[in-house]
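Colleague: Provided herewith is a single structure, encoded as structure tokens, for subsequent inquiry.
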Amino acid sequence: MTDMHLSDAIRYVGADDTDIDLFESQYPVPNGVSYNSYVILDEKVAVMDTVDRRRTGEWLEKLEAVLAGRKPDYLVIQHLEPDHAGSIGALAERYPDMELVASAKAVQMLPKFYPACPNPTRAVKEGDALPLGKHSLTFVMAPMVHWPEVMVSYESAEKVLFSADGFGTFGAIAKDRPWIEEAGRYYFNIVGKYGAQVQALLKKAAGLDIAAIAPLHGPVLREDLGFYLGKYDQWSRYEPEEKDAVLVAHASIHGNTARAAALLTEILESRGAKVKTADLCRCDQAEAVADAFHCGKAVFLSSTYDGGLFPPMEHFLLHLRDKTWRSRTVALVENGSWAPAAACRMRTILEGMRDIALFDEVHTIQGAVKEADRAALEKLADELLAK
Ligand code: FEO
């Protein structure tokens, strides 16, 4: 299993959560999630973030074992979202003299979560240092990665970047899953909206000599750091990982639109295209969002519903819009038996996104897929692959 301890002096005290139903009450996490927290033991003791209140007891037990009777001098709060800040109150109550070290914005926001917290606070800014002895933390502001108060911390003796949500992934540590397996789904759904802010953080990180990245979710990253930094650079520039790959995503009421999607997939694959598919009524839409970012092209096929767009497709497109999906080539297929209207609504949503090359021509199916539809889907596939 991944060794989460950085060294004898930088210890992991985080906790896995494998019985949570939905992360952020919306994302399935079949492999669970970890809430990472670390302790730096030196002349001074710093605790790096806390954990979700779902794991406060386990975290405090681990923390006390590592502290071995010492008291923490500082709690460094890099991010106030409750999956990390949920146990601040419990620690503050136990150690009322412990100083809370955070960005000015976080210090300002802290009373929103802990109105009666008695501990002293220290607001730090870009480049401020917190000497601990041999170890020393330097703070780097990272607003909107993924809340406005976020900062990351660089420990110079062991060259560790404590990266807050950045470089995190879903999956409990005990599950020992490869980082990349859920990192895209995590990134695009949690941090993906904030590409420009991630780019700003990457530029600052480029000036640091980093030996390990210690995020707030998922494994500590130690080797081949260029791979992880490269992924974040590509993702935050909204570049597809495979510009010729096609996402075929459908929302079908009675199965006819699903049959059109299957036929289109077959046609595309017969022409050598790499295709990812999503049944938006049944799949994890967070996975479909990640696939939409992965592919350079997409075809959305939807039934008409109540004179508009079938809700699973509407929900998906709005989610893509909110995550600032952009710079892709898109074709539309609608189905409507008497007054097809799905494409009009899909077009309206897509036209609100940046740099979407949207096919003018829409193919409309009326009920079941017929031979004429095959010919139209073949034409659509040829035109899409020629782009
Ligand atoms: Fe893992 Fe934005 O909290």
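The values are calculated or read from the model by the stated rules, or taken from the named source; none is laboratory data. Predicted model only: the values in this text are computed from it and were never measured. For neighbour counting, all protein chains shown are included, and Cβ atoms are generated from backbone atoms with ideal geometry for every residue, glycine included. Note: areas computed on protein heavy atoms with side chains; ligands, DNA, RNA excluded. Shrake-Rupley method; radii C 1.70, N 1.55, O 1.52, S 1.80 Å.
Colleague: Once R0 is set to 25 Å, what does the formula 1/(1 + (r/R0)^6) return for the Cβ-Cβ distance between A104 and D8, expressed as a FRET efficiency to the nearest 0.05?
Modeller: Efficiency, rounded to the nearest 0.05: 0.15.
Colleague: Same structure again: State the extension gain, in nm to one decimal, for the chain segment bounded by R70 and D233, taking 0.36 nm per residue of separation less the distance between their alpha-carbons.
Modeller: That pair, R70 and D233, stretches by 54.6 nm at full extension.
Colleague: Another one. What share of Cα pairs, in percent, lie more than 14 angstrom apart in region 256-322?
Modeller: 61 percent
Colleague: Tell me the net charge near G184. Cut-off is 11 Å between Cβ atoms, G184 excluded, with +1 for each Lys or Arg and -1 for each Asp or Glu.
Modeller: Numbers: positive: R185, K231; negative: E181, E182, E241, E287, D291.
Charge balance near G184 sits at -3.
Colleague: Quick one: which residues, 5 or more positions from S103 or on another chain, have an amide H under 5 Å from its amide H? H modelled 1.01 Å from N in the peptide plane, none for Pro or chain starts.
Modeller: Those lying under 5 Å, H to H, from S103 are V124.
Colleague: Let me ask something else about it. In this model, which of K44/K231; K71/K203; K134/K175; K204/K323; K231/K387 are farther than 27 Å apart at the alpha-carbon?
Modeller: K44/K231; K71/K203; K134/K175
Colleague: On C-alpha positions alone, give me the angle between the axis of helix 285-294 and the longest principal axis of the chain, in degrees, nearest 10.
Modeller: Relative to the chain, helix 285-294 is tipped by roughly 80 degrees.
Colleague: Share of region 309-366's accessible area from carbon and sulfur, percent, 1.4 Å?
Modeller: Ligands and nucleic acids excluded, carbon and sulfur reach 49 percent.
Colleague: Calculate, for the chain, the solvent-accessible area per residue in square angstrom, rolling a 1.4 angstrom probe over the heavy atoms of the protein chains.
Modeller: Accessible area per residue, the chain: 41 Å².
Colleague: May I pose another question? In sequence order, what are the phi-derived ³J(HN,Hα) couplings for region 129-146 according to the Karplus relation 6.51 cos²θ - 1.76 cosθ + 1.60 with θ = phi - 60°, rounded to whole Hz, with x for glycine and proline?
Modeller: 10, 10, x, 10, x, 5, 8, 8, 9, 10, 9, 10, 6, 9, x, 6, 10, 9
Colleague: Mean residue ellipticity at 222 nm from the helices of the chain, using -39,500 (n - 2.57) per DSSP H segment of n ≥ 4 over the full residue count, to the nearest 500 deg cm²/dmol?
Modeller: -10000 deg cm²/dmol
Colleague: Then there's this: What's the carbon and sulfur percent of region 19-175's accessible surface, probe 1.4 angstrom, rounded to a whole number?
Modeller: The value for region 19-175 is 52 percent carbon and sulfur by accessible area.
Colleague: In whole Å, what three semi-axes, largest first, describe the equivalent ellipsoid of the chain built from its Cα gyration tensor (square root of 5 times each eigenvalue)?
Modeller: Numbers: eigenvalues 432, 77, 62 Å².
Semi-axes, largest first: 46, 20, 18 Å.
Colleague: What is the chain's relative contact order, in percent, from Cα pairs under 8 angstrom and six or more apart in sequence?
Modeller: Working: 808 pairs, mean separation 44.0, N = 387.
That works out to 11 percent.
Colleague: If you don't mind, another one. Loop-only trypsin sites (Lys or Arg not before Pro) in region 197-279, please: DSSP not H, G, I, E or B, and at most 16 other Cβ atoms within 10 Å.
Modeller: Answer by residue number: R222, R237, R271, K274.
Colleague: Under a point spin-label approximation (7 Å from Cα along Cα-to-Cβ), what is the C117-E383 distance to one decimal in nm?
Modeller: Label-label distance for C117 and E383, simple model: 5.6 nm.
Colleague: Between D279 and A341, what is the label-point separation in nm under the 7 Å Cα-to-beta-carbon projection?
Modeller: Using points 7 Å along Cα→Cβ, the separation is 2.7 nm.
Colleague: Further question: Report in % the part of the accessible area of region 198-307 that belongs to carbon and sulfur, leaving out ligands and nucleic acids; probe 1.4 Å.
Modeller: Answer for region 198-307: carbon and sulfur cover 48 percent of the accessible area.
Colleague: Charges only on Cβ, +1 for Lys and Arg, -1 for Asp and Glu: so what's the dipole of region 165-279 about the Cα centre, in debye to the nearest 20?
Modeller: Here the size comes out at about 260 debye.
Colleague: Relative contact order of region 244-387: what whole-number percent is it, with Cα pairs under 8 angstrom and at least 6 residues apart?
Modeller: Once normalised by length, the contact order is 26 percent.
Colleague: OK, next. Place a +1 charge on the Cβ of each Lys and Arg in the chain and a -1 charge on the Cβ of each Asp and Glu, then give the dipole magnitude about the Cα centre in debye, rounded to the nearest 20.
Modeller: It comes to approximately 640 debye.
Colleague: Taking the chain as the reference, fit the longest principal axis to its C-alpha atoms, fit the long axis of helix 256-270 to the helix C-alpha atoms, and give the angle between the two in degrees, 0 to 90, nearest 10.
Modeller: The angle comes out near 80 degrees.
Colleague: What would the Debye equation give as log₁₀ I(q)/I(0) for region 50-152 at q = 0.14 Å⁻¹, counting only Cα atoms as equal point scatterers?
Modeller: For the requested q values the scattering log ratios are -0.53.
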